[in-house]
Amino acid sequence: MTTKTLSIITATLLLTTNSFSDENLGEITVTSATKTTQSLQDVTSNISVITAADIEERGYTTVTEALNSIAGISFTQNGGLGKSTSITLRGMESKRVLVLIDGIRYNDITGLNGAPFEHLMVNNIAQIEVVKGAQSGIWGADASAGVINIITKKGNIGTTSSLYAEKGSFNTEKYGLTFSKATKDFYVKLAHNVVKTDGFSAQQPEGEDLDNLEDDGYENRTTTLNAGYHINETNKIDLSYTIIDAEGEYDPYGDPNGTATSKTYDTFSSFNFHHIDSFNEINLYAKRSEFDREYTAPNYMGEVSTTPYEGDVKEYGITSKIPYANEAFILLGAEYKEFKQKDSIQKDFDNRGFFVTNSNTFKGFMGGTTILTESLRYDNYSLFDNKTTGKIGLKHIHAAIEGLTTSINYGTAYNVPTLYQLYSPYGSTSLTPESTKSFDVTVSYKDFTITYFDTNIDDMIDFDMSTYTYNNISGTSKISGIEASYQTEIFADLLLSLNYTHLLKAEDQQGNDLKRRAKDDVKMSLDYYGITNLHLGLDAQYVGSRTDTKYNPDYTISEVETGKYTVVNFTANYKLNKEIELYGKIENLTDEAYQTVYGYATSPRAFYAGVRAKF
């Protein structure tokens, strides 16, 4: 494979499944679409993949930055690095996206916003899989908008090590090292990465100069251990353990020079036993997610207090994948989950799930290849009514028109209330799960892909200002839109990638526009490989009209515009030799002044440079 061909494949990894050529699809495998390993060409779901190569070339620091390159995804952030961060996937908030680290739940059971994206750094990531649309028929609760699975690196045969160091604006430092050893019988990989910065003020009131406000720093230490052992040709075990240890400063509401701190110590572990024989593949697994965070801040009287949040999720399950007929399989599975909050709330509930997925490939049908996938899941809860959800996907690769692929997906999903929403002083024990139905249809021709999506959410769980508690808001919220992507080689060694998302509708039950969703979102990247060992990249994003809520001093509420801006970044990577690479990045090249959340700062122009070494 030539360097140029490899670069083209790397560039297309940022786009949806249906935009890949058939031969390239076969080189990429995913696990999130059906809970089993599949080639991308066999997946009916609308899925995007970001690789380790993409992450390094773009100079991303956080998973949020990487996800923001994908059509249909945007984000909001209450300040700089390490501050509260949420994404939207096709107009749906983070709490409706199931996030996994090596298949382990990352959604915080003690919180309100799902996964704490602010603590997810990109180092040691092999790939990120993003499955769009309702996925509860496969994964159960909290996958209403989709699933994001972050897969860490496992190491290659032999003994290898790597390290990197980076320095940049706001006294930012990043460094880390990895060590791995692998043979045909076992592997072990250890990675430790540190990100720390003095940062800048989280809050920036309208008209204030960021330089005149105090800084809010952040430090993140992420450690990952992966290990595996092949017992024999048919049996193996895999272990995974991740620690996210972070602390930061933030501004109490309404006080840009205030002093408040947060501490997080989360751990994620899993054990997996894999067996394969002539009849089926069996996976037996145990997983645990532990969340431990605290916030120290002054109250309205100036008294400083600390509020702790602690909880965990335990999961045990088994799947059996049985191949049959021609390129067909059925996946049977059962799992048990226990959700527990251990702080002042001291509550828990459990879930028993049973699921089945069937996939068939029909070659020669309608002059091409047709793939049909169906999933059905039943969940029994100790605290809520039982739920039955499903998903069906159909994909056709046309033979008569080379490069033409069409697909359609329909799914149902649900989100359960968190224990905080149920039992905190602002909670309500009468809360019930909200329900979601989603539909998308995609047409892809060679380098161009367009998707229409439509989502309805019934009885959405939200904060009710009239009662000052969390309630199911009666009615249906509606979100629909279009995603389009295109990539091409403009001329030798210059690659262009474009994607565009337009929200046709994003309305609550009363027909009011949902806040913090841009009507239009355009992303562009240019990659140049014409000089030996050098990569130059330019990426830009235009965010169209987007509104937020402004709380005025007289206790009234008004609407404020936070969109209509463009952010440009520049990256450069140079390989000195096979072992050493130099890299640099300029963020916000044009020094654009903008806010993703009203009253909260974003980075001005910033410079970063570093070195990576692999041995």
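The values are calculated or read from the model by the stated rules, or taken from the named source; none is laboratory data. Small disclaimer: the values here were computed from a predicted structure and weren't measured. Here the Cβ positions follow ideal geometry from the backbone for every residue, glycine too, while neighbour counts run over all protein chains shown. Quick note on the areas: whole protein, heavy atoms, side chains included, nothing else; ligands and nucleic acids left out. Shrake-Rupley method; radii C 1.70, N 1.55, O 1.52, S 1.80 Å.
Electrostatic tally near LYS564: other residues with Cβ closer than 15 Å to its Cβ, Lys and Arg +1, Asp and Glu -1, net -2. Segment 487-615 gives an Rg/Rh value of 1.12, both radii derived from C-alpha positions and Rh following Kirkwood. Heavy-atom surface analysis with a 1.4 Å probe gives the chain a carbon and sulfur content of 56 percent of its accessible area. Residue ranges 516-525, 66-75 sort as 66-75, 516-525 when ordered by packing (mean number of other C-beta atoms within 10 Å per residue, highest first).
Quotient of the Cα radius of gyration of the chain and 2.2 N^0.38 Å, N being its number of residues: 0.93. Compute the FRET efficiency between HIS230 and ILE392 as 1/(1 + (r/R0)^6), taking r as their Cβ-Cβ distance and R0 = 41 Å, and round to the nearest 0.05. Rounded to the nearest 0.05, the efficiency is 0.65.
In the context of the full set of protein chains, residues of segment 130-235 present 42 Å² of accessible surface per residue (probe radius 1.4 Å, heavy atoms only). The tail of the calculated P(r) for segment 78-206 beyond 19 Å holds 61 percent of all Cα-Cα pairs. The ASN577 and ASP211 beta-carbon pair, evaluated with R₀ = 41 Å, returns a calculated FRET efficiency of approximately 0.50. For segment 458-606, the per residue solvent-accessible surface stands at 49 Å², with DNA, RNA and ligands left out and a 1.4 Å probe. Filter LYS321/LYS523; LYS321/LYS437; LYS505/LYS564 down to the pairs with a C-alpha to C-alpha distance above 30 Å, please. Check vs 30 Å cut-off fails for LYS321/LYS523. Per-residue extension of 0.36 nm, minus the Cα-Cα distance of SER558 and ALA609, leaves a gain of 14.2 nm for this segment. The protection proxy used here, the mean number of other Cβ atoms lying within 10 Å of each residue, ranks peptides 568-579, 354-365 as follows, highest first: 354-365, 568-579. Summing charges over neighbours of ILE151, with a neighbour being any other residue whose Cβ is under 13 Å away from its Cβ, gives 0 when K and R count +1 and D and E count -1.
In straight-distance terms, cross-link reach from LYS342 covers every one of the aspartates and glutamates whose alpha-carbon lies under 18 Å from its own, apart from those fewer than eight places away in the same chain; here that gives ASP108, ASP266, GLU290, ASP292, GLU294, GLU310, ASP312, GLU315, ASP350. Compactness of segment 463-533 was expressed as the Cα radius of gyration divided by 2.2 N^0.38 Å, which yields 1.84. Can you figure out the FRET efficiency of GLN346 with PHE439, using R₀ = 41 Å and their beta-carbon distance, to the nearest 0.05? Approximately 0.50, to the nearest 0.05. Multiplying the residue separation of ILE237 and THR296 by 0.36 nm and removing their Cα-Cα distance gives an extension gain of 17.1 nm. What is the Rg over Rh value, at two decimals, for segment 145-225, using alpha-carbon atoms and the Kirkwood definition of Rh? Result for segment 145-225 is an Rg/Rh of 1.19. Each peptide in 596-608, 545-557 gets a packing score, the mean of other Cβ atoms within 10 Å over its residues, and the list from highest to lowest is 596-608, 545-557.
Spin-label model, THR566 to GLU303: label points 7 Å out along the Cα-to-beta-carbon direction sit 5.3 nm apart. Computed over segment 391-531, the alpha-carbon pair-distance distribution with 10 angstrom bins reads 11, 26, 27, 19, 11, 5, 0, each value a whole percent.
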